[in-house]
Amino acid sequence: MRILGIDPGFERLGVAILEKNKGDKKEKVLFSECFHTSSKIDFSERLLSIGKEVKNIIKKFKPEKLAIETLFLNTNQKTVMHVAEVRGVILYEASIANLQIFEVSPPQIKIATTGYGKANKEQVMRMVKILVDIDNNKKSDDELDAIAIALTAFAHNR
């Protein structure tokens, strides 16, 4: 199975493609990146850019499922609204491509990766690096979050 994991954001979008086939001991990271949009362009252009990037990744890697983090509320309502709109663009592209959609909360990610629902960010990042073979020098927090989100979807499939 091939899963597209996305950590949604409008300035930085963590994206990862993970695959696990029968007989594989670990999930494999086929691709990951932190996709950036410029704050110098209109938000609608940023949404368009994100939609095109997600569409291209789906077309290139042909995942069967999208795993995406749910919204968590913070004090900045403008940021929450923008992230909600980004999620809408991503869910739209995934639906057009007929992907199964799996939405995952931060506590679910923590449980799937560390076994503890109140783990901190550093504990999750450390476990991601243990659970999959990745270049430890290359991965940003957003990429590692996307990998953790995809790993959570794989754990849920078991």
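The values are calculated or read from the model by the stated rules, or taken from the named source; none is laboratory data. All values derive from a computational prediction rather than experimental measurement. Every residue, glycine as well, gets a Cβ built from its backbone with ideal geometry; the counts of neighbours run over all protein chains shown.
Give the residue that is farthest from Lys62 (Cα to Cα), with candidates limited to residues of the stretch 97-110 that are surrounded by fewer than 19 Cβ atoms within 10 Å (Cβ to Cβ) and without any contact (Cβ under 8 Å) to a residue 24 or more places away in the chain. The residue in question is Pro107.
In the condition set (1) assigned to a strand (DSSP E or B); (2) surrounded by fewer than 18 Cβ atoms within 10 Å (Cβ to Cβ); (3) aliphatic (A, V, I, L, M), Ile17 is compliant with all but (2).
Just to be sure before I move on: is Ile147 among the β-branched types (Val, Ile, Thr), surrounded by 12 or more Cβ atoms within 10 Å (Cβ to Cβ) and touching a Gly at 6+ places or on another chain (Cβ under 7 Å) in the structure I sent? Answer is yes for this residue. Residues that are closer than 17 Å to Met125 by Cβ, modelled with pLDDT of 95 or more and out of contact with any Ser or Thr (no Cβ under 8 Å at 6 or more places or on another chain) within the stretch 7-23 comprise Asp7, Leu18, listed in sequence order. Of all residues in the stretch 16-34 being among the hydrophobic types (A, V, I, L, M, F, W, C) and over 11 Å from the mean Cα position of the chain (by Cα), which is nearest to Phe154 (Cα to Cα)? Among residues in the stretch 16-34 that are among the hydrophobic types (A, V, I, L, M, F, W, C) and over 11 Å from the mean Cα position of the chain (by Cα), the one nearest to Phe154 (Cα to Cα) is Val29. When Leu4 is tested against the conditions (1) surrounded by fewer than 19 Cβ atoms within 10 Å (Cβ to Cβ); (2) not in a loop (DSSP other than H, G, I, E, B), the lone failure is (1).
So which of Ser44, Ser39 is under 13 Å from Glu11 (Cα atoms), without any contact (Cβ under 8 Å) to a residue 12 or more places away in the chain and more than 17 Å from the chain's Cα centre (by Cα)? Answer to the selection: Ser44. Listed by first and then second residue, the pairs with beta-carbon distance under 7 Å, at least 6 apart or on different chains, first residue in the stretch 57-70 and within 15 Å of Ala148 (Cα to Cα), second modelled with pLDDT of 95 or more and basic (Lys, Arg), are Ile68/Arg87.
Just one residue in the set Ser39, Ser49, Ser32 is part of a strand (DSSP E or B) and closer than 21 Å to Asp142 by Cα; that residue is Ser32. Only one of the numbered conditions (1) modelled with pLDDT of 95 or more; (2) under 22 Å from Phe61 (Cβ atoms); (3) of a type outside the set (Phe, Trp, Tyr) is violated by Asn157, and that is (1).
May I ask you to verify whether Ile41 is of a type outside the set (Gly, Ala, Ser) and surrounded by 15 or more Cβ atoms within 10 Å (Cβ to Cβ)? In short, no.
Among the criteria (1) free of Cβ contacts under 8 Å to residues at least 12 places away in the same chain; (2) surrounded by 17 or more Cβ atoms within 10 Å (Cβ to Cβ), the one Val80 does not fulfil is (2). With a requirement of 2 or more residues that are within 16 Å of Ile50 (Cβ to Cβ), the helices (runs of 4 or more DSSP H) lying completely within the stretch 66-158 that satisfy it span 77-96, 141-157. Considering Lys25, Lys65, Lys60, the condition of being out of contact with any Asp or Glu (no Cβ under 7 Å at 6 or more places or on another chain) and farther than 26 Å from Ala119 by Cβ is satisfied by Lys60 alone.
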